[in-house]
Amino acid sequence: MSYLKKIEYEIVLKDSFWVIRNCPKCNRKTYFTNTKRFRVNANGNKLDAWLIYQCEECKHTLKIAIYERQKVSSISKKEYQYFLNNDEQFAEMYGKNVQLFRKNKATIDFEKVHYDFVKRNEIIEYGDFKEQIIIVVNNPFQLKIRPEKQIAEILGLSRSEIKNLLDKGKMELKTKLPQFISISINSCQFHMDK
């Protein structure tokens, strides 16, 4: 009897995205980082909420719009309190939201992103099929990391070793959408310790 092992990983960010932008004070492109603070402005029944980023060099601020001219009634009281209390975890969550930065036309520096691979699930099925290991990687932040590099980091191998295993047919790499990759490994020809 053979087995099929499926291991699911997810890429998890260690910290907020860094933004590259022209700084009016520095008069050139600089890095802006998350201050983990919000600015909230309420005018009648409309609300604006921004995540505040600042220039790493001169501390000039950049507002990343979360809500603009939003009805106060459409925002939960809990979320509103998080804004008012400058809740750091809440600010960190918004600092990792790719869609928020796209909406604000803010350029993320993907080279400065720090991340880990976290194992989320492992399933073993026994049956009459060839022994195989399938590794699935979920990339919810759509980080621009080559699939071979992701698998190399998970397996603790070099990218050239992964390329060699792919060339020899011991692994098969599939990309599903920009945020998912999977790799099939013939476990008879390759042993994995993780």
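The values are calculated or read from the model by the stated rules, or taken from the named source; none is laboratory data. Every value quoted in this text rests on a predicted model; they were computed, and no experiment measured them. FYI the Cβ positions are ideal-geometry reconstructions off the backbone, even for glycines, and counts take in every protein chain you see. These area figures cover heavy atoms from the full protein model, side chains too; ligands, DNA and RNA do not enter into them. Shrake-Rupley method; radii C 1.70, N 1.55, O 1.52, S 1.80 Å.
A few remarks follow.
- Overall form of the stretch 63-110: oblate. Here a/c, set by the Cα gyration tensor axes a ≥ b ≥ c, is 1.5 or more, and a/b is not larger than b/c.
- Using a probe of 1.4 angstrom and keeping all protein chains present, the accessible surface of the stretch 68-128 works out to 71 square angstrom per residue.
- A Gaussian network model of the chain, with springs between Cα atoms under 10 Å, assigns the largest mean-square fluctuation among SER16, SER158, SER184 to SER158.
- Nearest-0.05 FRET efficiency for GLU131 and MET93, computed from C-beta distance (R0 45 Å): 0.65
- Under 13 Å between alpha carbons - lysine pairs in the stretch 38-133 that sit 8 or more apart or on different chains: 4
- Overall shape of the chain was characterised from the C-alpha gyration tensor. The equivalent ellipsoid obtained from it has semi-axes of 43, 20, 12 Å, in decreasing order.
- Ellipsoid semi-axes in whole angstrom, largest first, where each is sqrt(5λ) of the Cα gyration tensor of the stretch 1-84: 34, 25, 9
- Global form of the stretch 55-138, assessed from the alpha-carbon gyration tensor, a/c cut-off 1.5: prolate
- Sorted peptide list for 107-114, 7-14, criterion being average Cβ within 10 angstrom, highest first: 7-14, 107-114
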